[in-house]
Amino acid sequence: MISFSNREMGFVVDKLLQQKEIVEKPLQSSLENVKFIRGATILGNGSVCLVLDPPSIVQFLFKNIKTR
C-alpha cells in the first residue's frame, strides 16, 4: 500500500515472479527526467531491470483529485 494525501493505493499485478534484494543505480543524466522510473538494477542473469517510482505514479494519478 502507498499513502498520498490521506489516501491509500495499491498496485495490481498479474503475477509476482520472485522477491529479491537489489542494488538500485541512478539513471544516466539523459534519462533522469523519465517519469515514473527511479533507477535501474542488473539482475542475476545480466538483464537490466528498471525500478518504478511509486510515489511519483501516485502523485500523478491523484494530482487533480480534490480531497473531500
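Just so you know, all these numbers are worked out from the coordinates, no wet-lab data involved. Not measured: the values here are computed from a predicted model. Because the Cβ atoms are built from the backbone with ideal geometry, glycine has one as well, and the counts that use them run over all protein chains shown.
A compact table of results
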| item | result |
| --- | --- |
| Mean separation of Cα contacts under 8 Å (6+ apart) over length of the chain, as relative contact order % | 26 percent |
| Fully extended contour minus Cα-Cα distance, from residue 20 to residue 1, at 0.36 nm per residue | 5.0 nm |
| Ordering of 12-19, 31-38 by burial proxy (mean other Cβ atoms within 10 Å per residue, highest first) | 31-38, 12-19 |
| Proximal aspartates and glutamates to residue 35, defined as alpha-carbon separation beneath 18 angstrom and excluding residues fewer than eight positions away on the same chain | 24, 53 |
| Contour excess over end-to-end distance, with Cα ends at residue 37 and residue 59 and 0.36 nm allotted per residue | 6.6 nm |
| Residue-count net charge about residue 27 - beta-carbon cut-off 13 Å; Lys, Arg +1, Asp, Glu -1 | 0 |
| Karplus-derived 3J(HN,Hα), 6.51/-1.76/1.60, for each residue of the range 29-41, Hz, glycine and proline x | 4, 6, 10, 5, 9, 6, 5, 6, 10, 9, x, 8, 9 |
